[in-house]
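Have a look at the structure below before the remarks.
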């Protein structure tokens, strides 16, 4: 059983489980068209509230999940990110996800958060590889995947959108029999 992922401090961020008081900030991030420049549309506020509850339920069930990404000091929630259990082509994986307020883009928060979460996952849940699935046109997310040491292994549709699938090379990231796409 993995140890519980609790509060994690990086050089500039606090990563912590969501609190009920985070709901308005999370709904704002998840339902804003500004935070979804590479997707056809964001979640509605009602869908974002459901996502929030689903994410909190994942914590209860697994002891880890998506996190509030907070700038220390005034404790401003600037994004959401982390890992959740998922099945990808009938393989149990951990999906690395993040979304940040546009006023924080370009500060390196996504790779900073991602590096901390991936290190925890590879240590505590080594039986599930961490994957990233992002839109083909989402160049910033693809750069983050590269910075974190992930490599493209497939292109396919994901939720109806042309997407790129990433894994980290090595025994934890490689699916038995998986072949890298050219």
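The values are calculated or read from the model by the stated rules, or taken from the named source; none is laboratory data. On a predicted model such as this, the values are computed, not experimentally measured, just so you know. Note that we place each Cβ from the backbone using ideal geometry, even for glycine, and neighbour counts take in every protein chain shown.
Summary table below
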quantity	calculated
Scan of the stretch 109-135 for residues that are in a helix (DSSP H, G or I) and either in contact with a strand residue (DSSP E or B) (Cβ under 6 Å, 6 or more places away or on another chain) or crowded, with 22+ Cβ neighbours inside 10 Å (or both), ordered by number	109, 110, 113, 114, 116, 117, 118, 121
In the stretch 97-108, residue nearest to residue 76 (Cα to Cα) [restricted to those that are part of a helix (DSSP H, G or I) and out of contact with any strand residue (DSSP E or B) (no Cβ under 7 Å at 6 or more places or on another chain)]	103
Failed item, numbered, when residue 82 is tested on (1) out of contact with any strand residue (DSSP E or B) (no Cβ under 8 Å at 6 or more places or on another chain); (2) outside any helix (DSSP H, G or I); (3) buried (at least 19 other Cβ atoms within 10 Å of the Cβ)	(1)
Evaluation of residue 33 against (1) over 30 Å from residue 123 (Cα atoms); (2) modelled with pLDDT under 90; (3) touching a helix residue (DSSP H, G or I) at 6+ places or on another chain (Cβ under 7 Å) (one fails), failing number	(3)
Residues located in the stretch 136-149, provided they are in contact with a strand residue (DSSP E or B) (Cβ under 7 Å, 6 or more places away or on another chain) and touching a residue at least 40 places away in the same chain (Cβ under 8 Å)	141
Among residues of the stretch 108-133, those that are without any contact (Cβ under 8 Å) to a residue 40 or more places away in the chain and either farther than 17 Å from residue 169 by Cα or touching a helix residue (DSSP H, G or I) at 6+ places or on another chain (Cβ under 9 Å) (or both), counted	5
Looking only at the stretch 136-167, and only at residues there that are modelled with pLDDT under 90 and surrounded by 14 or more Cβ atoms within 10 Å (Cβ to Cβ), the one that is nearest to the chain's Cα centre (by Cα)	158
Residue 169 over 25 Å from residue 52 (Cα atoms), assigned to a loop (DSSP other than H, G, I, E, B) and out of contact with any helix residue (DSSP H, G or I) (no Cβ under 7 Å at 6 or more places or on another chain)	yes
